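The values are calculated or read from the model by the stated rules, or taken from the named source; none is laboratory data. Just so it is clear, the model here is predicted, and its values are computed rather than measured. For neighbour counting, all protein chains shown are included, and Cβ atoms are generated from backbone atoms with ideal geometry for every residue, glycine included. Side chains included, ligands, DNA and RNA excluded: accessible areas come from the protein's heavy atoms. Shrake-Rupley method; radii C 1.70, N 1.55, O 1.52, S 1.80 Å.
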Amino acid sequence: MAYFYDLPKIELSQLNDMGPASIKLLNQLGINNIAELLLHLPRGYEDRRLILPIAHIRPGQKYLIRVNVRDMQNMAGPKGGCNVLVDDESGKLSIRYFKLKTHQLGYTTASGPILFYGEVKYSARTGKEMIHPERLRATNAPGIVAIYPVCETLSQSRFRKWIAQALDLLSKDDPYHTLIKQIHVPDCIESVTLLEDFKHPAQVKLIIEELAAQHLKLFHVRRTQSLASARSLEFCQEQDKWIRQRLGFSLTGAQERVINEILADLYQSRPMLRLVQGDVGSGKTAVAALIATQALAAGWQVAVMAPTDLLAEQLYQRMQSWFEPSFVVVFLSGRLKKSERRVVHSLLQTSQPLLAIGTHALFQEDVVFSNLGLIIIDEQHRFGVEQRLALRNKAAKEAEAHVLIMTATPIPRTLSMSLLGDLDQSVLDERPPGRQSIITRLISLDRIDELCDRLHHHCQGQHRAYWVCPLIEESEVIPAQAAELRFDWLRNRLPELRIAIIHGRISAVQRHATMSQFQNGELDVLVATTVIEVGVDVPEATLMIIENPERLGLAQLHQLRGRVGRGADQSYCILLFQQPLSPMATERLSLLRQTEDGFALAEADLRLRGPGEMLGVRQSGLGQGRIADLERDAYLLEQARTRANALFEAPESEQSTILKFWTPHADEYSKA
Ligand code: ADP
Ligand code: MG
């Protein structure tokens, strides 16, 4: 008999009817031991308490019947299969099996009454029929039955039998025994209603436990980090003066404050892990530049990583203009030729201070920095616990470099403590001066002609425009096609404008060329999918048209809008919506019209839609656990925090048991 927290130690092979093939299937479902098996919770339940007479059952629903077998016949032909005729006092029904032969069914006409559960269909030829119904035996007598999220190749009844065995391995004295059992084998239909909403006390207890374990993990990561050592950075006044002159503008109060917060971290002799949240256009790059200057002055190498080639190249150009020729600035992306890459690689291996800008290619296995002191990650959108830890690991490989993460995804304060507890956070909550606010308008798609006239007028002179087409229908038309259609339409409608298109299916080289043309003023309108979402900086682009904004999240819309309003002239954002708008969509779009403050939008979105759908939280991978799901369970965060605080006082061994149970991959990362 095992206790709940010992279950990860019990292997799946301990169960009956569990061979290597089954283990492989379970592994694919993320189930590697008995604990994970028992935490694979039902996705629903079926009420199989009532046996109905055949005469009373209706096609399209699932029923439990108790019948006698009257006749069994194998089908001819290569496909095989067989038919079975059954009846009860009220009527007849046929059962069809596609692959099995009669001798493989495990019952005969002499078997006596059998319980079958399955969906009833109607066939003109045979009347009521069931296809591959489940046969209930003594072990799964009528009752309420759990349905599991498993693949086709695994039958529900087999999975249920494994669960039953696993439950038997758990000691009856363990309070978790009752909890887990209530979830897998509910005793009454009232429980099922709660279970289906994930509000059953047993589920709630487990969810709180998992969220608490995630908190605990963050506590530990943070502590491990505070024990590690890194180089301390002395502030150099002279170089600071130099870079400020190069920038050519004076910093906002928020930029100054955030820079001081970062410098204070760097002065410590432990590795920094800080997240800077700043709305699009809040000037994160300048902050990065000032910090990088200090690191370079100290003789360190600095790596700056951007999520895409396009953004990395833009960043490279900007950094070059600020830092060269005083400092070496190199570029590294997957697109470089082998020979070019080799040159960069060998530069990084010398210990000379330099600024390396690039994509993920910066952290590939074969890249060796000999003197890396600071890593800056720009526009990071994914920062679930796992990603953060992986990143730390990467940094750790580089002798505890300091890490600075910058993102335009605002996480409301209500959540950030729980989700990002291991990160220090800074907020850039001020716009650079002289920036006009963007005028946002809602226009219905049936006024598109009017809009085209306006676009034509807008593009006389220096002004440029983006026209963004998101996904049309989930599976029907891919976004690239939507943009292509609009692109053709616009070229016909406005032949006098210079229009081009970029989307993910266009080659990187072509995309890059188009982007430069747009930047240089050789194009008037850029039709795009949401690939232009982050970071692209063209001050003369002052009109942003977004089609079907009702299909995008507030986060994406806010990011897209941030592509304009980057110069001194008045910018506009037109939300070209399709009628009718749902009340929710109306509210969200008008929120967008009323405010440009990303944090206010995030708080509003949290209130309107819950954290899962909120500005970027889903895409950031935050708050997803084995059972817990923040979209559903955010209301339990406070209780989880209390539980985590209590756990933190518990003996070390108990904490580590709990962590191993809920966050089994933590070990891979926690090495300091
Ligand atoms: P983001 O936070 O979106 O990365 P950027 O760093 O790209 O923002 O800054 C947006 C624009 O504002 C850039 O053109 C940048 O040079 C400019 N900028 C940044 N800080 C200031 C400032 N303090 N005063 C004036 N312009 C600034
Ligand atoms: Mg930026």
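Rounded to the nearest Hz, the phi-derived 3J(HN,Hα) couplings of region 362-371 under the Karplus curve 6.51 cos²θ - 1.76 cosθ + 1.60 (θ = phi - 60°) are 4, 10, 5, 3, 7, 8, 10, 8, 8, 8, where x marks glycine and proline.
Of all aspartates and glutamates in the structure, the ones whose alpha carbon falls short of 13 Å from that of K199, not counting any fewer than 8 places away in one chain, are E190, D629, D633. Each listed q (0.11, 0.13, 0.16 Å⁻¹) maps to a log10 I(q)/I(0) for region 232-428 from the Debye sum over equal C-alpha point scatterers, namely -0.46, -0.65, -1.03. Dividing the Cα radius of gyration of region 266-378 by its Kirkwood radius returns 0.94 for Rg/Rh. The phi-based Karplus calculation (6.51 cos²θ - 1.76 cosθ + 1.60; θ = phi - 60°) puts the 3J(HN,Hα) values of region 435-452 at 7, 6, 7, 8, 8, 10, 10, 9, 10, 6, 4, 6, 9, 5, 5, 4, 5, 5 Hz, whole numbers, x for Gly and Pro. Accessible surface comparison of I545, I23, probe 1.4 Å, protein chains only, largest first: the order is I23, I545. Taking a cut-off of 19 Å between Cα atoms, list the lysines near K99, but don't count ones fewer than 8 places away on the same chain. Within the straight-line limit of under 19 Å, K99 reaches these lysines: K79, K121.
Helical runs (DSSP H, four residues minimum) scored at -39500 (n - 2.57) apiece and divided by the length of the chain put the mean residue ellipticity at 222 nm at -12000 deg cm²/dmol. Values of log10 I(q)/I(0) for the chain across q = 0.05, 0.10, 0.12 Å⁻¹ run -0.33, -1.07, -1.27, by the Debye formula with one identical scatterer at each alpha carbon and no solvent.
As an exercise, use a Förster radius of 56 Å and the Cβ-Cβ distance of K121 and E324 to find the FRET efficiency, rounded to the nearest 0.05. Let's see the in-between values first.
Working: r = 73 Å, r/R0 = 1.31.
Step by step, r from the Cβ atoms, then E = 0.15.
Measure up K9/K172; K62/K128; K24/K101; K24/K62; K24/K172; K24/K181 against 23 Å on the Cα-Cα distance and list the ones that go over. As for pairs spanning more than 23 Å Cα to Cα, those are K24/K101; K24/K62; K24/K172; K24/K181.
At a Förster radius of 56 Å, what calculated FRET efficiency corresponds to the Cβ-Cβ distance of D569 and M75, to the nearest 0.05? Could the numbers behind the result be given before it?
Values: r = 76 Å, r/R0 = 1.35.
After rounding, the FRET efficiency stands at 0.15.
The length gained by stretching the chain between E638 and S656 to full extension, at 0.36 nm per residue less their Cα-Cα distance, is 4.3 nm.
Straight Cα distances below 18 angstrom link K217 to the lysines K660, K671, with same-chain residues fewer than 8 positions distant left out.
What's the FRET efficiency of Q578 with Q436 using the Cβ-Cβ distance as r and R₀ = 22 Å, to the nearest 0.05? After rounding, the FRET efficiency stands at 0.15. Amide H to amide H under 5 Å from C573: which residues, 5+ apart in sequence or cross-chain, H placed 1.01 Å off N in plane? The answer is I439, T440, R441, M544.
Would you kindly calculate the translational diffusion coefficient of region 128-220, applying Stokes-Einstein with the Kirkwood radius from alpha carbon pairs, for 37 °C and a viscosity of 0.692 mPa s, and quote it in µm² s⁻¹ without decimals? Can you show the working numbers first?
On the way: Rh = 15.5 Å.
Rounded to a whole number, D works out at 212 µm²/s.
Model label sites at N68 and R447, defined 7 Å from Cα along the beta-carbon direction, differ in position by 7.6 nm.
Accessible surface ranking for R48, R626, 1.4 angstrom probe, highest first: R626, R48.
For region 54-140, the fraction of alpha-carbon pairs lying more than 18 Å apart is 38 percent, rounded to a whole number.
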